[in-house]
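Accompanying notes for the structure given below.
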Amino acid sequence: MASSQNRGLVKVAKGQAVVTDIPVPSLQDDYLLVRTIAVALNPADWQNLDEDFVSEVKPMLNGHDAAGIIEAVGKNVTSRLKKGDRIMCAGYGVNVTDPEDGVFAEHIRVRGDISIRIPSHMSMTDAATMPVGLLTVALGLYKYLGLPFPPATAPSSTWLFVYGGSSATGTLAIQFAKLSGLKVVTTCSPRNFDLVKSLGADAVYDYRDPDCAAKIRSLISDDLTLVFDTIATTATAKVSAEAMSSGKGGIYCNLMGVDAPRDDVKSIFYLGYSAMGRPYMFEGEEWPFAPGDYDLAKRFAVVVEGLLEQRLIKPHPVTVRPGGLEAIPAGMQDLKDGKISGEKLVYVIGEE
């Protein structure tokens with residue numbers, strides 16, 4: 001039986017969150033109730049916390065990435081998931097339209113069919129690093145860039161440029177692109193070269209090298225048409241555009257709403273939230289329910305389970321910090337201050 005007691009990290013003012021007693025969320029038909037074992041920090045945690053809005057009706061629970069054990073299953077959730085399963089799961093921290101949607105709590109409610117069972121060989125702390133990154137990669141690579149679902153039937157000569165390959169999303173993007181048969185070139189700091197190469201990157205360049213774009217264009221014989229930018233600033237968009245084919249243009253897919261400065265390059269901005277199967281608000285704008293994105297995420301979850309079971313996907317490097325829920329605000333501040341690179345901060349919330 002699910003507990004009647006719960007504690008969570010909730011937003012109380014712009015930029016401020018505290019641990020407090022909160023209700024155990026009620027089970028809904030398409031959702032799971034989960035006892036949280038571990039959570040990982042995501043840049044969206046501090047970014048959403050810094051927005052102006054604060055709910056006066058319900059505590060706004062923070063947190064996006066978690067791993068835990070299913071306590072109850074909604075009636076519409078697929079039979080793939082059962083009570084007692086170990087799963088990785090995604091929420092929407094500090095959600096204006098559903099304040100209970102975060103995951104920084106002892107007991108959480110998460111969307112069922114996009115949750116992913118954790119293989120027995122994987123730890124909860126490793127698994128907690130992956131959920132939102134997987135949703136992001138699912139839409140970016142397989143909807144907007146049009147890659148084939150893994151596993152690939154044959155290697156391809158097509159290249160993908162992953163800008164920011166040592167980011168948590170970047171390490172997943174490299175691995176999935178390789179499993180889909182593509183060649184991958186990426187950028188990161190030299191201290192993370194070995195990391196991205198170990199995940200399958202065919203070539204890597206220092207993002208601070210002023211000749212980075214020219215080297216990528218030369219490597220691929222001026223034939224690059226696919227870019228997945230996990231950093232997404234005007235500077236990274238410029239480098240991406242300069243690396244792309246001068247004659248073919250291509251698709252520049254990014255996570256922060258910037259455009260590549262080329263008319264022949266299609267710039268696509270999207271949010272992983274659209275894979276969660278409901279409308280949502282982001283920066284004051286209402287985004288509608290996207291059934292195609294949700295269906296893709298559900299299919300992708302099944303594919304990911306198989307790849308994880310075969311040990312074909314590696315989690316991002318992890319640093320487990322002590323202190324549980326109470327220690328998370330300090331970690332969010334470190335993330336905001338740019339002190340974290342090439343690793344995910346993880347906190348243990350409960351015992352397995």
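Rule-based calculations on the coordinates, nothing more; no lab input. Quick caveat: nothing in here was measured; it's all calculated off a predicted structure. Cβ atoms come from the backbone with ideal geometry, glycine included; neighbour counts cover every protein chain shown.
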**OP:** Lys and Arg at +1, Asp and Glu at -1: add these up for the other residues within a Cβ distance under 14 Å of A154 and post the number.
**Re:** +2
**OP:** Go through K14/K344; K178/K215; K11/K143; K238/K344; K178/K248; K248/K336 and tell me which ones have a Cα-Cα distance over 29 Å in this structure.
**Re:** K11/K143; K248/K336
Subject >> Antiparallel bridges, percent of DSSP beta bridges restricted to the chain (to nearest 5) >> reply: 60 percent
Original post:
Going by how many other beta carbons lie within 10 Å of each one, how would you line up K82, K266, fewest first?
Top reply: K82, K266
**OP:** Go through the stretch 41-88 and name the GluC sites (Glu not before Pro) that are in a DSSP coil and have 10 or fewer other Cβ atoms within 10 Å of their Cβ.
**Re:** E56
Original post:
Most exposed first by the Cβ proxy, i.e. fewest other Cβ within 10 Å, how do R109, R262, R117, R80 rank?
Top reply: R80, R262, R117, R109
Original post:
So what is the relative contact order of the chain, in percent, for Cα pairs below 8 Å that sit 6 or more residues apart?
Top reply: 17 percent
**OP:** Report, in degrees rounded to the nearest 10, the 0 to 90 angle that the Cα long axis of helix 168-179 makes with the longest principal axis of the chain.
**Re:** 60 degrees
Subject >> Burial order of peptide ranges 59-68, 122-131 (average beta-carbon count within 10 Å, highest first) >> reply: 59-68, 122-131
Subject >> Proximal charge balance of R278 [Cβ under 10 Å; K/R count +1, D/E count -1] >> reply: -2
Original post:
Percent relative contact order of the stretch 134-270, based on C-alpha pairs within less than 8 angstrom and at least six residues apart?
Top reply: 21 percent
**OP:** Using a cut-off of 14 Å between beta-carbons, work out the net charge of the residues near I220 (Lys and Arg +1, Asp and Glu -1, I220 not included).
**Re:** 0
Original post:
Are there trypsin sites (Lys or Arg not before Pro) in the stretch 279-313 that DSSP marks as loop and that have at most 13 other Cβ atoms within 10 Å, and which are they?
Top reply: R311
Original post:
Relative contact order of the stretch 38-186: what whole-number percent is it, with Cα pairs under 8 angstrom and at least 6 residues apart?
Top reply: 20 percent
Original post:
222 nm [θ] for the chain, helices only, -39500 (n - 2.57) per DSSP H run of 4+, per residue, to 500?
Top reply: -7500 deg cm²/dmol
Original post:
Pulled fully out, how much extra length does the chain show between E352 and K82, if you take 0.36 nm times their separation in residues and subtract their Cα-Cα distance?
Top reply: 95.6 nm
Subject >> Cleavage-rule hits, trypsin sites (Lys or Arg not before Pro), the stretch 171-238, DSSP coil, Cβ neighbours within 10 Å at most 16 >> reply: R208
Subject >> Fewest-first sequence of I340, I220 by Cβ atoms within 10 Å of each Cβ >> reply: I340, I220
Original post:
Any idea how far the Cα center of the stretch 202-238 sits from the one of the stretch 242-283, in Å?
Top reply: 16 Å
Original post:
Hey, what angle do you get for helix 291-309 against the long axis of the chain, alpha-carbon based, 0 to 90 degrees rounded to 10?
Top reply: 90 degrees
